[in-house]
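Trainee: Below you'll find the structure I mean.
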Amino acid sequence: KDAYRLSVTPQGAHLTSGGREGRLYGQATLRQLQDQLAAQPEGIPCGVIKDKPRYPWRGLMVDPARHFIPLADLKKFADLMAYYKFNKLHLHLTDNQGWRLPVPGYPRLESVASKRAETFGDGIPHGGMYTREELKELVAYCADRGIEVIPEIDVPGHNEALAAAYPEFFCFPKPDMKVRTVAGNSKELVCPQKPEVWKFYAAVFKELKDIFPSKIVHLGGDEAPTELWEKCPLCRQARAGAGMKDEQEQMRDFFARMTSLLAKNGQTPQFWYEGNAGIYHPGETVYAWRQDQARQSIDKTKKAGLNLIMASNEYCYLDFPQIQGQYNWGWMRTTTLRKCYELDPAFGKSPQETGHVRGVHAAAWAEHLPDLNHLLYRVYPRAMAIAEAGW
Ligand SMILES: [Zn+2]
């Protein structure tokens, strides 16, 4: 469906395709050729292009949780994605620094979790919340361009904004918790032993189902230190009662329960891969993101029966500086355009070893990307290399 053949002769251009996606990609190629006309005034060269993507998954993640991205800007972002034949727009809707999805019955998401007092001490309040109608409009806009929108609700950690609004969802409620104003993470995890937590996520997933035709829900699952689960009396009791030997088993159980909850709506989860294949379940899809672990992740996920999307941060984190000397906040690795072009999602391994690799995914974490100009400045041109790596 996503293959096309573009033939250009002195009489004109002719496009055939295996399906709707292929037609969109062929049109994108034609647009790219036309955009080069200024450099080649004689016109588009005659020739035949037979083309199709190497992988079915070619995604970009944006992070409106850290800095809210208005709908009009998301549409501009999607226009560029379509131009470079990306087909998955991933919205990181929740994190410590903000919650951007309204959920009926939970008004404090908007009044508390969607706002923070300032950003890195700038003294300027920041906030934003999409409406259900805006998200539906984005979904339709992207669908017209061959792009599926994937929502992410990060669990059980990365949840200080949620904790500020609903502290009772957490193992040790802190009524004075505030939405985080700087980068970084905390130890707060939602408590799997509280019925109100499951009631809340049932409402969240129902809302996602009504907005996003994609049946995929990215559940995050990353950077969740289990110290508070270890100490929580309810969690301790549950582990003892179920014969779980440690908090990693509790994590596996938590993911399984989340997956069952999604399944009621016909939805399936994805996760950021934490290297411990044992906490996921065969058939699930995970993203390799941790630095320099991609190659070993390919083997470990294959053995565990998981699908893998390549998002290894040394190639795919596009908020990282792209030239030496560009500011790196003291820790980000410089990721040059050349480095991005070196990405092979299969890392040179055979098709037999990499049949479970579904594609590529680049992420633009937005702690330091306050608006669309900053976002595009960091994402491009490197996203073009990631798009090619997936094609
Ligand atoms: Zn607990």
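Trainee: Before we move on, is R382 within 26 Å of A28 (Cβ to Cβ) and either touching a His at 6+ places or on another chain (Cβ under 6 Å) or basic (K, R) (or both)?
Mentor: Yes, satisfied.
Conditions (1) modelled with pLDDT of 95 or more; (2) not small (G, A, S), marked per residue:
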residue: G305; (1), (2): yes, no
residue: C316; (1), (2): yes, yes
residue: F320; (1), (2): yes, yes
residue: G325; (1), (2): no, no
residue: G330; (1), (2): no, no
residue: L337; (1), (2): yes, yes
residue: S350; (1), (2): yes, no
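Trainee: Can you run down the residue pairs with Cβ atoms below 8 Å, 6 or more apart or on separate chains, where the first is in region 228-246 and under 16 Å from G278 (Cβ atoms) and the partner is of a type in the set (G, A, S) and near the ligand (Cβ under 10 Å from one of its atoms)?
Mentor: Listed by first residue and then by second, the contacts come to M244/A238.
Trainee: Limited to region 328-354, what total is found for residues that are free of Cβ contacts under 8 Å to residues at least 12 places away in the same chain and in a loop (DSSP other than H, G, I, E, B)?
Mentor: Selection size over region 328-354: 5.
Trainee: Assuming Q250 fulfils every condition listed in (1) more than 26 Å from F205 (Cα to Cα); (2) touching a Cys at 6+ places or on another chain (Cβ under 8 Å) apart from one, which condition is it?
Mentor: Of the numbered conditions (1) more than 26 Å from F205 (Cα to Cα); (2) touching a Cys at 6+ places or on another chain (Cβ under 8 Å), the odd one out for Q250 is (1).
Trainee: Further question on the same structure: Let me confirm something: among K75, K85, which residue is in a helix (DSSP H, G or I), assigned by TED's automatic domain parsing to the domain that holds E134 and of a type outside the set (A, V, I, L, M)?
Mentor: K75
Trainee: When only residues in region 214-258 that are small (G, A, S) and within 26 Å of the chain's Cα centre (by Cα) count, which is farthest from the ligand (Cβ to nearest atom)?
Mentor: S214
Trainee: Could you tell me how many of the residues in region 275-308 are part of a helix (DSSP H, G or I) and within 20 Å of the chain's Cα centre (by Cα)?
Mentor: Residues flagged as part of a helix (DSSP H, G or I) and within 20 Å of the chain's Cα centre (by Cα) within region 275-308 amount to 6.
Trainee: For region 157-169, how many residues meet the condition of being among the hydrophobic types (A, V, I, L, M, F, W, C), within 16 Å of the ligand (Cβ to nearest atom) and more than 20 Å from the chain's Cα centre (by Cα)?
Mentor: The total comes to 2.
Trainee: Can I ask one more? Criterion first (more than 27 Å from A65 (Cα to Cα) and touching a His at 6+ places or on another chain (Cβ under 8 Å)) does T354 satisfy it?
Mentor: no
Trainee: Exactly one of these conditions fails for D154: (1) under 18 Å from A65 (Cα atoms); (2) of a type in the set (D, E); (3) within 16 Å of the ligand (Cβ to nearest atom). Give me its number.
Mentor: Status for D154: all satisfied but (3).
Trainee: Another question, if that's okay. Looking for something at pLDDT 95 or above, touching a Leu at 6+ places or on another chain (Cβ under 7 Å) and either assigned to a strand (DSSP E or B) or on the phi > 0 side of the Ramachandran plot (or both) - is there at least one such residue anywhere in region 5-12?
Mentor: Within region 5-12, one or more residues are at pLDDT 95 or above, touching a Leu at 6+ places or on another chain (Cβ under 7 Å) and either assigned to a strand (DSSP E or B) or on the phi > 0 side of the Ramachandran plot (or both).
Trainee: Let me ask another. Mind counting the residues in region 170-180 that are within 15 Å of the ligand (Cβ to nearest atom) and surrounded by fewer than 21 Cβ atoms within 10 Å (Cβ to Cβ)?
Mentor: Residues that pass the stated criteria total 3.
Trainee: For region 256-301, give me each residue that is of a type in the set (V, I, T) and crowded, with 20+ Cβ neighbours inside 10 Å.
Mentor: I279, T285, V286, I298, T301
Trainee: Here is a list: G146, G121, G105. Which entry is under 30 Å from G359 (Cα atoms), of a type in the set (G, A, S) and assigned to a loop (DSSP other than H, G, I, E, B)?
Mentor: Matching residue, one of G146, G121, G105: G146.
Trainee: Out of all the residues in region 105-148, which are surrounded by fewer than 23 Cβ atoms within 10 Å (Cβ to Cβ), touching a residue at least 24 places away in the same chain (Cβ under 8 Å) and among the β-branched types (V, I, T)?
Mentor: Across region 105-148, the qualifying residues are V112, T119, T131, V139.
Trainee: Do we find a residue being farther than 28 Å from C235 by Cβ, in contact with a strand residue (DSSP E or B) (Cβ under 9 Å, 6 or more places away or on another chain) and surrounded by fewer than 22 Cβ atoms within 10 Å (Cβ to Cβ) anywhere in region 84-96?
Mentor: Yes, that holds for at least one residue.
Trainee: Any idea which residue in region 181-211 is farthest from the ligand (Cβ to nearest atom), counting only those that are assigned to a helix (DSSP H, G or I), exposed (fewer than 15 other Cβ atoms within 10 Å of the Cβ) and among the aliphatic types (A, V, I, L, M)?
Mentor: Of everything passing the filter in region 181-211, A203 is farthest from the ligand (Cβ to nearest atom).
Trainee: Would you call P102 in contact (Cβ under 8 Å) with a residue 12 or more places away in the chain and surrounded by fewer than 20 Cβ atoms within 10 Å (Cβ to Cβ)?
Mentor: Yes, satisfied.
Trainee: Tell me which residues, restricted to region 125-142, are outside any loop (DSSP other than H, G, I, E, B) and more than 17 Å from the chain's Cα centre (by Cα).
Mentor: H126, G127, R132, E133, E134, K136, E137, A140, Y141
Trainee: While we're on this one: For region 222-233, does any single residue satisfy the condition of being β-branched (V, I, T) and part of a loop (DSSP other than H, G, I, E, B)?
Mentor: yes
Trainee: Another question, then. Residues L60, L24: which one is closer than 25 Å to V357 by Cα and either small (G, A, S) or in contact with a Ser or Thr (Cβ under 9 Å, 6 or more places away or on another chain) (or both)?
Mentor: L24
The values are calculated or read from the model by the stated rules, or taken from the named source; none is laboratory data. Everything quoted here is computed from the prediction, not taken from an experiment. Please note: Cβ atoms are built from the backbone with ideal geometry, for glycine as well, and neighbour counts cover all protein chains shown.
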